[in-house]
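J.: Just passing along the structure, written as structure tokens.
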Amino acid sequence: MKMKKINVLMSTYNGEDYLKTQIDSILDQRGVEVFLTIRDDGSVDKTIDILRDYAELNNVEVIKGNNIGFKESFLTLLYELRKPNFDFYAFSDQDDFWLPQKLKKSVNMIDVSEEPTLYIGNRIVADGQLKSLGYCVYDQYPPYDWHASHISRIIDFRGAGCTEMWNAEGQLLLERYRPHDIPHDEWVTAVFTCLGQIFFDNDAYLLYRRHQHTVTVTATKKQRRSILGKARKTISILAEKKLSQNVDLRCKYLLDGYSRMLSEEDRKYLTYLARYRGRILVKLKLLLSGQFKVTSKDAPITYKVQKVLMLLTNGL
């Protein structure tokens, strides 16, 4: 059987400390044919020197770019630098470590579909030396219903670019519209939520390295807090707008790029969400519609309250 071809898209920036380990783990993937496309986002450390050695390989391409930030760098990879005629496409961070079976396991799960399909997996949380901390990212999150309504899943977002892989049909869907200034994984997950399908794998095939230079944030082991402590934590999260996850921007772009493909109901509530900031009446319509909710009835009440507070505060 012919091995599936996968174009892995990586953006780098000042990643000299961990980059070589990550690239080696990608090139060591078993049972698939990997081509790694790397765009450097204007590094000023030894990242370019490291990449120069890999650029000599037949299955690695390195593009040295200007510093435009990780959002636009990944979107540039996705829309301008990805390779044509591959079976699958995947994102990669610059500082994790992929287990040898990561891509093959992803292929096995979604290769059964001929529709635009996205794979999302779990992540083993590790320290800077790649020592497992004994838990996976989604062990720390409330339950999630991947079959809930599109609007619920747009509001209650879950997905991480470093685990995501999608098929060629999905790439064609994504190429219908290019957004700007939005995290790549939030955008890709939103498109497949409303217009494709998502397969979630609770098993984890990568070590998700957490260190002082990490760009993204993720769940940490839950700590016991007093009621006052929980309230302070919630206020801090809301003040820093950590819950909004660009929900209004994602909805605006979905409407701009895919309005004719969306169901009438999705268009209605995406329009509300795209315009909710600073509009009290729109917020009230959302709250009273029954659509503004988290995906799982089993989620803690504190989590549900946080999402409502997100609508009321982050949308100022």
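J.: Of the options GLY69, ILE151, LEU118, report the single residue whose Cα projects farthest towards the positive end of the charge dipole of segment 48-160 (beta-carbon charges: Lys, Arg +1; Asp, Glu -1).
T.: The Cα lying farthest towards the positive end belongs to ILE151.
J.: Also, quick follow-up: Go through segment 65-82 residue by residue and turn each phi into a ³J(HN,Hα) via Karplus (6.51, -1.76, 1.60, θ = phi - 60°); whole Hz please, and just put x for glycine and proline.
T.: Per residue, the Karplus-derived 3J(HN,Hα) values read x, 7, 6, 10, x, 5, 4, 6, 5, 5, 5, 5, 4, 5, 9, 10, 10, 5 Hz.
J.: By how many degrees, 0 to 90 and rounded to 10, does the Cα axis of helix 247-258 deviate from the longest principal axis of the chain?
T.: Computed tilt is about 70 degrees.
J.: Using a 1.4 angstrom probe on the protein heavy atoms only, line up MET1, MET261, MET109 by accessible area, largest first.
T.: Reading off the accessible areas and sorting them downward yields MET1, MET261, MET109.
J.: Any chance you could check the Cα centroid distance between segment 1-54 and segment 248-299 for me, in angstrom?
T.: Going from one Cα centre to the other spans 37 Å.
J.: Counting other Cβ atoms within 10 Å, keep those with at most 11, restrict to DSSP loop, and tell me which trypsin sites (Lys or Arg not before Pro) in segment 151-207 are left.
T.: ARG176
J.: I've got another one for you. Relative to the Cα centre, what is the charge dipole magnitude of segment 97-160, using +1 at the beta carbon of each Lys and Arg, -1 at the beta carbon of each Asp and Glu, and rounding to the nearest 20 debye?
T.: So the magnitude is around 280 debye.
J.: How much FRET efficiency would the formula 1/(1 + (r/R0)^6) give for LYS304 and ARG277, where r is the Cβ-Cβ distance and R0 is 22 Å, rounded to 0.05?
T.: After rounding to 0.05, the efficiency reads 0.60.
J.: Could I ask something else about it? Using a Förster distance of 22 angstrom, determine the FRET efficiency expected from the C-beta separation of ASN85 and VAL112, and round it to 0.05.
T.: It comes to 0.60.
J.: Also: Full-extension gain between ASP203 and LEU228, please, as 0.36 nm times their residue separation minus the C-alpha to C-alpha distance.
T.: The span from ASP203 to LEU228 would gain 5.5 nm if fully extended.
J.: Over the chain, what is the percentage of antiparallel beta bridges among all DSSP beta bridges, to the nearest 5?
T.: Roughly 25 percent of the beta bridges in the chain run antiparallel, per DSSP.
J.: Evaluate the charge dipole of the chain about its Cα centre and quote only its size in Debye, nearest 20, assuming +1 on the Cβ of each Lys and Arg and -1 on the Cβ of each Asp and Glu.
T.: The dipole of the chain has a size of about 1680 debye.
J.: Can you give the helix-only mean residue ellipticity at 222 nm for the chain, where every DSSP H stretch with n ≥ 4 adds -39500 (n - 2.57) and the sum goes over all residues, rounded to the nearest 500 deg cm²/dmol?
T.: -10500 deg cm²/dmol
J.: Oh, and also: Identify, among VAL32, ASN202, TYR54, the residue whose Cα sits farthest towards the positive end of the charge dipole of the chain, taking +1 on the Cβ of Lys and Arg and -1 on the Cβ of Asp and Glu, with the dipole about the Cα centre.
T.: ASN202
J.: Indicate the gyration tensor shape class of the chain (rounded, prolate or oblate), computed on the Cα atoms with a ≥ b ≥ c the square roots of the eigenvalues: a/c under 1.5 is rounded; otherwise a/b larger than b/c is prolate and the rest oblate.
T.: prolate
J.: So, one more: Of the accessible area of segment 1-85, with the probe set at 1.4 angstrom, what percent is carbon plus sulfur?
T.: Carbon and sulfur atoms account for 46 percent of the accessible area of segment 1-85.
J.: Also, I was wondering about something else. With +1 assigned to the C-beta of every Lys and Arg and -1 to the C-beta of every Asp and Glu, and no other charges, what is the dipole magnitude of segment 15-117 about the Cα centre in debye, to the nearest 20?
T.: The dipole magnitude comes to about 140 debye.
J.: Quick one: length gained pulling MET261 to TYR177 fully straight, 0.36 nm per residue minus the C-alpha distance?
T.: 29.0 nm
J.: A further question on this structure: Taking a ≥ b ≥ c as the square roots of the eigenvalues of the Cα gyration tensor of segment 1-141, is the shape rounded (a/c under 1.5), prolate (a/b larger than b/c) or oblate?
T.: It is oblate, given that a/c is not under 1.5 and a/b is not larger than b/c.
J.: Can I ask one more? Kindly identify segment 262-316 as rounded, prolate or oblate by the Cα gyration tensor criterion: order the square roots of the eigenvalues as a ≥ b ≥ c, call it rounded if a/c is under 1.5, otherwise compare a/b with b/c, prolate if a/b is larger, else oblate.
T.: oblate
J.: Here's a follow-up. Among VAL44, VAL308, VAL34, what's the order by accessible area (1.4 angstrom probe), most exposed first?
T.: Highest to lowest solvent-accessible surface, that is VAL44, VAL308, VAL34.
J.: Helix 184-195 sits at what angle to the longest principal axis of the chain, using alpha carbons and giving 0 to 90 degrees rounded to 10?
T.: 60
J.: So, in nm, how far is label LEU133 from label ASN58 when the simple model puts each one 7 Å beyond its Cα toward the Cβ?
T.: 4.1
J.: With each pseudo-label sitting 7 Å past Cα toward Cβ, what's the MET3-LYS268 distance in nm, one decimal?
T.: The modelled label-to-label distance comes out at 5.1 nm.
The values are calculated or read from the model by the stated rules, or taken from the named source; none is laboratory data. Computed from a predicted structure; not experimentally measured. FYI the Cβ positions are ideal-geometry reconstructions off the backbone, even for glycines, and counts take in every protein chain you see. Protein only, heavy atoms only, side chains kept; ligands, DNA and RNA dropped before computing areas. Shrake-Rupley method; radii C 1.70, N 1.55, O 1.52, S 1.80 Å.
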